[in-house]
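The values are calculated or read from the model by the stated rules, or taken from the named source; none is laboratory data. Please read all numbers here as calculations on a predicted model, not as lab measurements. Quick reminder, even Gly has a Cβ in these numbers, built from the backbone with ideal geometry, and neighbours come from all protein chains shown. All accessible areas refer to the heavy atoms of the entire protein, side chains included, with ligands and DNA or RNA removed. Shrake-Rupley method; radii C 1.70, N 1.55, O 1.52, S 1.80 Å.
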Amino acid sequence: MKLLIKLIRNLLGGIIVLADLLTRGFKKKRTPEQQQAVNEQAKDLTLYHFAACPFCTKTRRAIYKLNLPIEKRSAAQGSPYRQELETGAGRVKAPCLRIEKDGQVEWMFESKEIVRYLEQRFA
Ligand SMILES: N[C@@H](CCC(=O)N[C@@H](CS)C(=O)NCC(=O)O)C(=O)O
């Protein structure tokens with residue numbers, strides 16, 4: 001039974017990832033100077049995510065469309081970044097955006113809030 005649930009979950013995860021790849025659309029275009037400035041700002045951001053989580057997919061899509069080179073770290077079992085997320089943010093829940101600003105670190109949960117934050121800052 002556990003195996004069947006795992007199989008269904010992996011299958012659904014695969015479908016989500018594939019559908020995302022096929023329907024992503026286009027990246028935002030900027031002048032080279034603008035993109036360089038955005039790239040610099042994106043260095044202070046890190047997304048902790050699960051590959052097949054729909055909320056993470058939604059967040060990754062926004063990141064792709066906004067053309068942001070944000071580092072993505074897997075929070076999956078066995079990943080070295082899982083502990084980092086738990087220690088820093090206080091729990092393992094994804095998506096979670098780590099925002100570093102003026103030496104301060106903020107951990108932002110909730111896909112809706114993360115997407116809104118990125119759109120307000122980079123759209
Ligand atoms: N409302 C949240 C839902 C996120 C969520 O439920 N993520 C799941 C993975 S799909 C998770 O991390 N679950 C672990 C937990 O909640 O402790 C969002 O939109 O980001």
- [ ] Within the stretch 7-23, identify whether any single residue is exposed (fewer than 12 other Cβ atoms within 10 Å of the Cβ), among the charged types (D, E, K, R) and within 15 Å of the ligand (Cβ to nearest atom), and answer yes or no.
- [x] yes
Task: Extreme residue, farthest from the ligand (Cβ to nearest atom), among residues of the stretch 50-66 that are assigned to a loop (DSSP other than H, G, I, E, B) and touching a helix residue (DSSP H, G or I) at 6+ places or on another chain (Cβ under 7 Å) - done: Leu66
Open item on the list: Could you check the stretch 73-83 and list, in sequence order, the residues that are more than 15 Å from the chain's Cα centre (by Cα) and either within 12 Å of the ligand (Cβ to nearest atom) or open to solvent by 40 Å² or more (accessible area, probe 1.4 Å) (or both)?
Closed with: Gln77, Gly78, Pro80, Gln83
Open item on the list: Just to verify a result, which residue in the stretch 32-46, among those that are more than 14 Å from Arg121 (Cβ to Cβ) and either open to solvent by less than 60 Å² (accessible area, probe 1.4 Å) or not polar (S, T, N, Q) (or both), is nearest to the ligand (Cβ to nearest atom)?
Closed with: Thr46
- [ ] Pull up the stretch 102-123, narrow it to residues that are within 14 Å of Leu45 (Cβ to Cβ) and part of a strand (DSSP E or B), then point me to the one that is nearest to the ligand (Cβ to nearest atom).
- [x] Met108
